[in-house]
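Notes to accompany the following structure.
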Amino acid sequence: MKVIQISIFLENRAGRLAEVTKTLASANINIRALSLADTSDFGILRLIVDDTEKAFKVLRENGFTVGKTEVIAVEVPDRPGGLAAIMDILAKENINVEYMYAFVQQSGKGAVILFRINELDRAIDVLTKNGVAVLPGEKVYKL
Amino acid sequence: MIYNDEYETMPREALEAIQLRRLQQTVERVYNTVPFYRKKFDEAGVRPEDIKSLDDLKRLPFTTKQDLRDNYPFGLFAVPMSQIVRIHASSGTTGKPTVVGYTRRDIKTWSELMARALAAAGVSQNDIIHNAYGYGLFTGGLGVHYGAETLGASVIPVSGGNTKRQITIMKDFRPTVLTCTPSYSLHLWEVAQEMGVDFKRDLAIRVGIFGAEPWSERMRQEIEDKLGIDAIDIYGLSEVLGPGVAVECIEAKDGLHIFEDHFIPEIIDPETGEVLPYGETGELVLTTITKEGIPLIRYRTRDISALYKEPCKCGRTMVRMARVTGRTDDMLIVRGVNVFPSQIESVLMQHEEVAPHYVIIVDRQKALDVLEVQVEVTERLFSDEVRKLQELERRIEKDIKETLGISCKVKLVEPKTIERSMGKAKRVIDKRQI
Ligand SMILES: [Zn+2]
């Protein structure tokens, strides 16, 4: 049920982000979801792509500092309070969310949100028991 | 094992008496035979008979590498050329090389000190030494070679280069001791791996004696783990003798014993020239007290170290110097504090999340010096959480503050973005307009 996310360490230099997207584009890799967390000095770019292994390889070959992290993708019902309900389930179980970001999805019923949680297995268990749809990796990469 | 029990374990008082007598003889001799020293002593207003105690040493002027260059090639020799039996020279990366000459007795002394050094590393006549220090003008190769023969060990004069052949020789001749620079030992390991040769399984090396470049405890760990050997630090410089000025004992591996019956060490503040007490870090200054060919009075080594007087468990009574971590050449003064890039490097080496590639930027903002250390993260990202990376920055800042006594800002940068140079990397950018 886990999704592999690619993380890239970037200095805050002009054009550095463009170099990442260019590298991926020339390798024919599609970015499915993306989030950038930054400070005044550096940033971490987090990506979900359609071919994780290939992306990891080409980025490293091009001199980027790359890591892999496991996250979960959760389908959030498209109605007011949809996300709040999920956060509530996690909070009740004392599960801490490190960060989260949304998926770029063209159409469909609901939004897909990516969660980075330290206790990943417990979170999957709790969410599934509460009827929340946790999407498997293979499905997410092809969304 | 102790090669020369009488001298190496001599009570301090007796040792210091010998040092004083030998110092007085040396000062007397250079004053009368080397015009350079006579002029310098006269200018400083000090005469040989003023040296009444070891403490009087500090009245004598320093000798620098520049003095050797100014008297290139043989101007500081204290004996006629007919008594010189060997000449060595240091590579002149900046300016002229420095040239040194040895009399027959100097070679004998050097051989004994190298034999002592090998013995301190646990080497005996039953060992076979793979000597991969370069043979030639550089003192490393021949220095170890003569010491090995004096000790009675078998020496393979393989010298530097042709690494694959070296591995084959190590496999076939089964040497038990490796002597080379610490970085070359890791290179040997890598090439061996590529050839399918495992140091631990296929070779007989059990101890390595490494010197001629600064290294760290972390590097020692790496060498010992990879090669499966004891890694011993040796110190020396061609101007003073060559390898064999000081060595670690295998019992403690904690500081290098200086062979004080032949050298008097001091630690000074490189800015003021003031002699610092035991335990304080500064520039190592050495005076040779038995050398005939080219005696050196208070020679400024430019190497950063400290001296320790505490007794050692090996039984040697000779003082220990801290592992040399860098050179004074690139010393910085920030907010009145002496900062050596090597000190910062040793802090960075303790954090495995960063690579030992860094640049130090000093700037002055509103009349206050500010220090920024940019360091490359390792090639593989170990955390994707901004908070954890910021914590790492704070942790390194704290360690630097504890080591150097001044605060700085640490900034993580991407790998391979800090300029590399094959020689001494340009580690410091000083933007201050003073
Ligand atoms: Zn010792």
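Things to note:
- Among the residues of the stretch B:184-203, the ones that are small (Gly, Ala, Ser) and crowded, with 16+ Cβ neighbours inside 10 Å come to 2 in all.
Per-residue answers, yes or no, for (1) over 30 Å from B:Arg105 (Cα atoms); (2) aliphatic (A, V, I, L, M); (3) buried (at least 18 other Cβ atoms within 10 Å of the Cβ):
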site	(1), (2), (3)
B:Leu286	no, yes, yes
B:Gly293	no, no, yes
B:Met318	no, yes, yes
B:Arg323	no, no, yes
B:Leu332	yes, yes, yes
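- Residue in the stretch B:129-143 that is within 16 Å of the ligand (Cβ to nearest atom), surrounded by 19 or more Cβ atoms within 10 Å (Cβ to Cβ) and on the phi < 0 side of the Ramachandran plot present: no
- With respect to the conditions (1) more than 16 Å from the ligand (Cβ to nearest atom); (2) at pLDDT 95 or above, B:Glu248 falls short on a single one, namely (1).
- In the stretch A:1-27, residue nearest to the other protein chains (Cβ to nearest Cβ) [restricted to those that are of a type in the set (Val, Ile, Thr) and farther than 19 Å from B:Gln374 by Cβ]: A:Ile6
This table checks each residue for (1) out of contact with any Ser or Thr (no Cβ under 9 Å at 6 or more places or on another chain); (2) aromatic (Phe, Trp, Tyr); (3) in contact (Cβ under 8 Å) with a residue 40 or more places away in the chain.
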position	(1), (2), (3)
B:Val79	no, no, yes
B:Ser90	no, no, yes
B:Lys96	yes, no, no
B:Val100	no, no, yes
B:Thr103	yes, no, yes
B:Lys108	no, no, no
B:Ser111	no, no, no
B:Met114	no, no, yes
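- Here B:Gly140 fulfils each of the conditions (1) touching a Gly at 6+ places or on another chain (Cβ under 8 Å); (2) part of a loop (DSSP other than H, G, I, E, B); (3) not β-branched (Val, Ile, Thr) apart from (2).
- For the condition farther than 14 Å from B:Leu241 by Cα, within 21 Å of the chain's Cα centre (by Cα), among the polar types (S, T, N, Q) and surrounded by 15 or more Cβ atoms within 10 Å (Cβ to Cβ), B:Thr181 qualifies.
Conditions (1) at pLDDT 90 or above; (2) hydrophobic (A, V, I, L, M, F, W, C); (3) out of contact with any Cys (no Cβ under 7 Å at 6 or more places or on another chain), marked per residue:
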residue	(1), (2), (3)
A:Pro80	no, no, yes
A:Ile95	yes, yes, yes
A:Tyr99	yes, no, yes
A:Gln105	no, no, yes
A:Gly110	no, no, yes
A:Val126	yes, yes, yes
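- Residues within the stretch B:351-366 that are more than 19 Å from B:Glu414 (Cα to Cα) and surrounded by fewer than 19 Cβ atoms within 10 Å (Cβ to Cβ), tallied: 4
- From the list B:Ser111, B:Ser53, B:Ser124, the lone residue that is touching a strand residue (DSSP E or B) at 6+ places or on another chain (Cβ under 9 Å) and assigned by TED's automatic domain parsing to the domain that holds B:Ala17 is B:Ser111.
- Pairs where the first residue, in the stretch B:237-265, is within 21 Å of B:Lys108 (Cα to Cα) and the second is within 16 Å of the ligand (Cβ to nearest atom) and charged (D, E, K, R), C-beta under 6 Å, 6+ apart: B:His257/B:Arg316; B:His257/B:Arg320
- Subset of the stretch A:28-50 [more than 17 Å from the chain's Cα centre (by Cα) and either among the basic types (Lys, Arg) or within 12 Å of chain B (Cβ to nearest Cβ) (or both)]: A:Thr39, A:Ser40, A:Asp41, A:Phe42
- Filter result for B:Asp369 (more than 7 Å from chain A (Cβ to nearest Cβ) and surrounded by 16 or more Cβ atoms within 10 Å (Cβ to Cβ)): yes
- Considering residues of the stretch B:251-262 that are within 16 Å of the ligand (Cβ to nearest atom) and closer than 12 Å to B:Tyr7 by Cβ only, the residue farthest from the other protein chains (Cβ to nearest Cβ): B:Asp261
- B:Gly405, sole failed condition from (1) within 25 Å of the chain's Cα centre (by Cα); (2) surrounded by fewer than 15 Cβ atoms within 10 Å (Cβ to Cβ); (3) modelled with pLDDT under 80; (4) not charged (D, E, K, R): (3)
Each row is one residue, and each column tells you yes or no for (1) more than 14 Å from every other protein chain (Cβ to nearest Cβ); (2) touching a residue at least 60 places away in the same chain (Cβ under 8 Å).
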{"site": "A:Arg60", "(1), (2)": "no, no"}
{"site": "A:Ile72", "(1), (2)": "yes, yes"}
{"site": "A:Gly81", "(1), (2)": "yes, no"}
{"site": "A:Asp88", "(1), (2)": "yes, no"}
{"site": "A:Asn96", "(1), (2)": "no, no"}
{"site": "A:Ala123", "(1), (2)": "yes, no"}
{"site": "A:Leu127", "(1), (2)": "yes, no"}
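- All of (1) within 16 Å of the ligand (Cβ to nearest atom); (2) of a type in the set (A, V, I, L, M); (3) surrounded by fewer than 23 Cβ atoms within 10 Å (Cβ to Cβ) hold for B:Ile232 with one exception: (3).
- Residue in the stretch B:377-397 that is within 14 Å of another protein chain (Cβ to nearest Cβ), farther than 30 Å from A:Met100 by Cβ, polar (S, T, N, Q) and in contact with a strand residue (DSSP E or B) (Cβ under 7 Å, 6 or more places away or on another chain) present: no
- Per the listing A:Arg46, A:Arg116, A:Arg122, A:Arg32, the residue uniquely modelled with pLDDT under 90 and of a type in the set (Lys, Arg) is A:Arg32.
Conditions (1) within 28 Å of B:Val354 (Cα to Cα); (2) assigned by TED's automatic domain parsing to the domain that holds A:Leu127, marked per residue:
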{"position": "A:Lys22", "(1), (2)": "yes, no"}
{"position": "A:Asn28", "(1), (2)": "no, no"}
{"position": "A:Leu83", "(1), (2)": "no, yes"}
{"position": "A:Lys92", "(1), (2)": "no, yes"}
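- Filtering B:Glu372, B:Glu376, B:Glu393 for residues that are modelled with pLDDT of 80 or more, in a helix (DSSP H, G or I) and outside the structural domain of B:Thr301 (by TED's automatic domain parsing) leaves a single hit, B:Glu393.
The values are calculated or read from the model by the stated rules, or taken from the named source; none is laboratory data. Quantities reported herein were computed from a predicted structural model and do not represent experimental measurements. Cβ coordinates were reconstructed from backbone atoms using ideal geometry, including for glycine residues, and neighbour counts include every protein chain displayed.
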